[in-house]
1. Have a look at 49, 66 and point out the one that is assigned by TED's automatic domain parsing to the domain that holds residue 86 and farther than 16 Å from residue 90 by Cβ.
2. Which of the residues spanning the range 1-47 are among the β-branched types (Val, Ile, Thr) and over 14 Å from the mean Cα position of the chain (by Cα)?
3. Please determine, by comparing only the residues of the range 50-91 that are in contact with an Asp or Glu (Cβ under 8 Å, 6 or more places away or on another chain) and β-branched (Val, Ile, Thr), which one is farthest from residue 32 (Cα to Cα).
4. Read through the list (1) at pLDDT 95 or above; (2) in contact with a helix residue (DSSP H, G or I) (Cβ under 8 Å, 6 or more places away or on another chain), then give the number of the only condition that residue 76 fails.
5. Please identify the pairs in which a residue from the range 69-91 that is closer than 12 Å to residue 56 by Cα and touching a residue at least 24 places away in the same chain (Cβ under 8 Å) has its Cβ atom under 8 Å from the Cβ atom of a residue that is in a helix (DSSP H, G or I) and not hydroxyl-bearing (Ser, Thr, Tyr), counting only partners at least 6 apart or on another chain.
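The values are calculated or read from the model by the stated rules, or taken from the named source; none is laboratory data. Predicted, not measured: the structure shown is a model, and the values here were computed from it. Quick reminder, even Gly has a Cβ in these numbers, built from the backbone with ideal geometry, and neighbours come from all protein chains shown.
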Amino acid sequence: MFSGSSGLGYLLILLLPFLLLVFIIVSQRRRAQQIQALQGSLAVGEEVVTTSGLYGTIVELDAAVVTLDAGNGTTLRFDRRAVGMRASEVR
């Protein structure tokens with residue numbers, strides 16, 4: 001009597017985790033592309049926030065290292081991948 005609807009129930013049980021997994025993968029890919037675009041467009045003089053939460057102004061850039069002025073003349077060197085966002089993007 002319920003055999004038709006239970007087949008649909010099994011399909012939903014199998015389909016929902018798959019859809020969730022696809023959503024997570026697509027979201028991660030989109031975020032990775034955004035970060036890659038940000039890191040490729042960094043320029044000296046921009047105020048940024050590192051992934052650890054440090055605010056600073058870029059004073060020097062090369063292919064792998066960004067040097068930030070954290071204030072009062074304090075300069076810190078970070079791996080370029082540690083820059084998480086521009087300070088103007090902080091909500």
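1. Of the residues listed, the single one that is assigned by TED's automatic domain parsing to the domain that holds residue 86 and farther than 16 Å from residue 90 by Cβ is 66.
2. Listed by number, the residues that qualify are 13, 22, 44.
3. 75
4. In the conditions (1) at pLDDT 95 or above; (2) in contact with a helix residue (DSSP H, G or I) (Cβ under 8 Å, 6 or more places away or on another chain), residue 76 misses (2) alone.
5. Qualifying pairs under 8 Å: 83/38; 83/39; 84/35; 85/38; 86/38.
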